[in-house]
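The values are calculated or read from the model by the stated rules, or taken from the named source; none is laboratory data. Please read these numbers as outputs of a predicted model, since none were measured by experiment. Here the Cβ positions follow ideal geometry from the backbone for every residue, glycine too, while neighbour counts run over all protein chains shown. Each accessible area value is taken on the protein alone, full model and side chains, heavy atoms only, with ligands, DNA and RNA left out. Shrake-Rupley method; radii C 1.70, N 1.55, O 1.52, S 1.80 Å.
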Amino acid sequence: MTKARTRWPRQRDAEASTASGGTVAADRVNAMDLETCLSACAAHSTKLVASLDRRRIALAEALRTLLATHAATVPATSGTSPLPLLRRPAKVASGSSLLLGDALMDPLLAVGDKALDCGYEDETKLALMVADTVLTQRKRSRAGWRLRARVLEAMGAESAAAAAYERHLELTEEDGFGVAAKVAGLREGARLQAELVRRLAAGCPEAREFADRSVTDSWAQGLELHARGARDEARPLLIGTLLGQIAADAPVREIQQTLTHYLGLLREEAGVAGGGGATPADRATAARPEALADLTALTTLYAEQRRVRMRGPVDDPTFGGVRWLTLGEFRNRIAGKSICLIANSKRVGNGSLGAEIDGYDLVVRFNSYRIDPAATGRRTDIHATIHKHGFNWDQHVDTRLIFGGISGDWKYSLRNRLVPGAQTYLGDESLRWPVRDIGRLSREAWPSIPTSGFNMLWLLDFLDVSPRLDLIGFDFYESGAYRLPAAMRLPITSVHEYTSEKAWVMERAQSVTDTRICLR
């Protein structure tokens, strides 16, 4: 028999804590005062000293930023001393609790994001504390609800996570982060998982006798019997373990581990590919059409519930018959055409160039662009966007270019965020990251992460097939942002270095006005 690593289901009591994955109510935020949260952040920052884990290094930097911001703002807002970094402050009266001001909001949320990215239990607890702190003072915070939902999902509390995601959706107008698809995936995944377990239990009625027993004991005893060849005796114990986990509301990841292992045992018994060894008697039993059909149905259910949890239900896997564009094909589509690139700046939003913009052969817009016909024009022929959010992905355009630095993350976003029928042409991987992959500009040559606008502009300049190439409203955010309302809270991120991009543009400019930079 092929040996596999044994994962033992954990026994849970009725008072399982939220930090370890017990039942969590999405609509009942654990009240958390800001001072307690900041104290926990300060204490956690000391644990990360000399860490070599890149995710914890990123968290440490976020914690330093938060604590420095707090130290700079406390004297001006409360007249108290800054929070000590290396010791827990004395308990203060309830009337003197700190308020979560705008200056601390983004740094605190950044800590929650980086803590969740770490994937460790201590950091997950910290992320949950951050979310609860935000929602204690700002009950309608979209970012707070989304962070809490992501934490609950990571903990395996999917029902609570879906409810928190839905609370986020109630508070926002544009679903730029694909939350609706995430909720649909969680709900459908839970339904398919329940159907899979129901089928297993229906085929083994005696399993219910073991549902109330210790899941660890049942699983261990079942595996021992299975290893000795007593598979008919093992089956009720193993399926009973699943029923016990579900009755105890175990985290989804633990139920998934049990399902994975049990279906592996079934495949082993059937002697199918990837299932390990099987006796001649097993093969004779599995060869019956009904036995193979049952195994195929169970495996299909299992695969589908895993898939929809990752990417949500997809009605049209071909995304409306989208046609992929290579670098060469994209060049041919833009050759000989006048092109304007429209910045998401207040200079555009406050202007009146709509008719002129619509007069170009091709209009390019970026990320969370906002349409005001008189100011911005009506048309969008090419939508260039970073893969990390889904603003405007539902707006129909002829061509959509999605940029991303890491191939795996880029592909994941395409699978989860593309809207069927919203684009005719889609850039393939040859157009994924132009500045780095086509231009071969290394981090040494260009240290900062190129923006979507710069990737697009660099690509058009490199191809050099457009008789007219104009930038409208490109003041590199000197006038502020003009985006979809739901995107206005997104910071103008510091990972981009706009000064270098501006210098690159000005070196190539043929003429410059307050609103227009002509490169051709």
From the option list A201, A194, A160, single residue qualifying as assigned to a helix (DSSP H, G or I), in contact (Cβ under 8 Å) with a residue 60 or more places away in the chain and either more than 27 Å from L414 (Cβ to Cβ) or out of contact with any His (no Cβ under 7 Å at 6 or more places or on another chain) (or both) is A160
All conditions in (1) surrounded by fewer than 20 Cβ atoms within 10 Å (Cβ to Cβ); (2) more than 21 Å from I342 (Cβ to Cβ); (3) not hydroxyl-bearing (S, T, Y) are true of L484 except (2)
Of the residues in segment 301-334, those that are more than 28 Å from V364 (Cα to Cα), at pLDDT 90 or above and either touching a Phe, Trp or Tyr at 6+ places or on another chain (Cβ under 6 Å) or of a type in the set (A, V, I, L, M) (or both) come to L301, A303
Suppose the filter is open to solvent by 40 Å² or more (accessible area, probe 1.4 Å) and closer than 18 Å to R400 by Cα; does E444 pass it? no
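Among the residues of segment 356-368, are any over 32 Å from the mean Cα position of the chain (by Cα) and small (G, A, S)? I'd like the intermediate steps shown before the answer.
Filtering segment 356-368 for residues over 32 Å from the mean Cα position of the chain (by Cα) gives 356-361.
Add one more test, that the residue is small (G, A, S), and what stays is 359.
Checked segment 356-368: at least one residue is over 32 Å from the mean Cα position of the chain (by Cα) and small (G, A, S).
A quick yes/no check of all residues on (1) outside any helix (DSSP H, G or I); (2) modelled with pLDDT under 95:
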residue: A72; (1), (2): no, yes
residue: T80; (1), (2): yes, yes
residue: A103; (1), (2): no, yes
residue: D132; (1), (2): no, no
residue: E173; (1), (2): yes, yes
residue: F177; (1), (2): yes, yes
residue: A180; (1), (2): no, yes
inquiry  = Quick check on segment 383-405. Is at least one of its residues within 22 Å of I517 (Cβ to Cβ) and assigned to a helix (DSSP H, G or I)?
reply    = no
Those residues of segment 46-62 which are of a type in the set (G, A, S) and touching a Ser or Thr at 6+ places or on another chain (Cβ under 8 Å) amount to A60
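Filter segment 206-219 for residues that are part of a helix (DSSP H, G or I) and open to solvent by 40 Å² or more (accessible area, probe 1.4 Å); which is nearest to H261 (Cα to Cα)? Before you say what the answer is, go through the steps one by one.
So in segment 206-219, the residues part of a helix (DSSP H, G or I) come out as 206-210, 215-219.
Next, from what is left, pick out any that are open to solvent by 40 Å² or more (accessible area, probe 1.4 Å): 206, 208-210, 216-217.
Values: E206: 20, R208: 19, E209: 21, F210: 18, T216: 14, D217: 16 Å.
Filtering segment 206-219 for residues that are part of a helix (DSSP H, G or I) and open to solvent by 40 Å² or more (accessible area, probe 1.4 Å), the one nearest to H261 (Cα to Cα) comes out as T216.
With G222, G244, G203 as the choices, which residue is over 33 Å from the mean Cα position of the chain (by Cα) and open to solvent by less than 50 Å² (accessible area, probe 1.4 Å)? If you could, list the steps in order and put the result at the bottom.
On the way: G244 fails: over 33 Å from the mean Cα position of the chain (by Cα); G203 fails: open to solvent by less than 50 Å² (accessible area, probe 1.4 Å).
From the options G222, G244, G203, the qualifying one is G222.
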Checked V512, V465 against criteria (over 22 Å from G390 (Cα atoms), among the β-branched types (V, I, T) and in contact (Cβ under 8 Å) with a residue 60 or more places away in the chain); the one match is V465
Note on segment 58-69: residues open to solvent by 80 Å² or more (accessible area, probe 1.4 Å) and hydrophobic (A, V, I, L, M, F, W, C) are none
Considering residues that are surrounded by 15 or more Cβ atoms within 10 Å (Cβ to Cβ), free of Cβ contacts under 8 Å to residues at least 24 places away in the same chain and of a type in the set (D, E, K, R), the number found within segment 379-410 is 2
From the option list L298, L292, single residue qualifying as modelled with pLDDT of 80 or more, surrounded by fewer than 16 Cβ atoms within 10 Å (Cβ to Cβ) and part of a helix (DSSP H, G or I) is L292
Selection from segment 34-57 of residues open to solvent by less than 20 Å² (accessible area, probe 1.4 Å), within 19 Å of Q137 (Cα to Cα) and not hydrophobic (A, V, I, L, M, F, W, C) yields S39
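So, in segment 332-372, how many residues would count as being part of a helix (DSSP H, G or I), open to solvent by 70 Å² or more (accessible area, probe 1.4 Å) and more than 15 Å from I517 (Cα to Cα)? Spell out how you get there, then give the answer.
Narrowing segment 332-372 to residues part of a helix (DSSP H, G or I): 332-334, 346-349, 354-358.
From what is left, the residues that are open to solvent by 70 Å² or more (accessible area, probe 1.4 Å) are 332-333, 346-347, 355-356.
Next, from what is left, pick out any that are more than 15 Å from I517 (Cα to Cα): 332-333, 346, 355.
Looking only at that region, the number is 4.
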Inset, instruction - Please indicate, with yes or no, whether at least one residue in segment 124-145 is open to solvent by less than 10 Å² (accessible area, probe 1.4 Å), over 14 Å from L66 (Cα atoms) and within 14 Å of the chain's Cα centre (by Cα). - result: no
Picking from R283, R231, the residue that is farther than 28 Å from R191 by Cβ and modelled with pLDDT of 90 or more would be R231
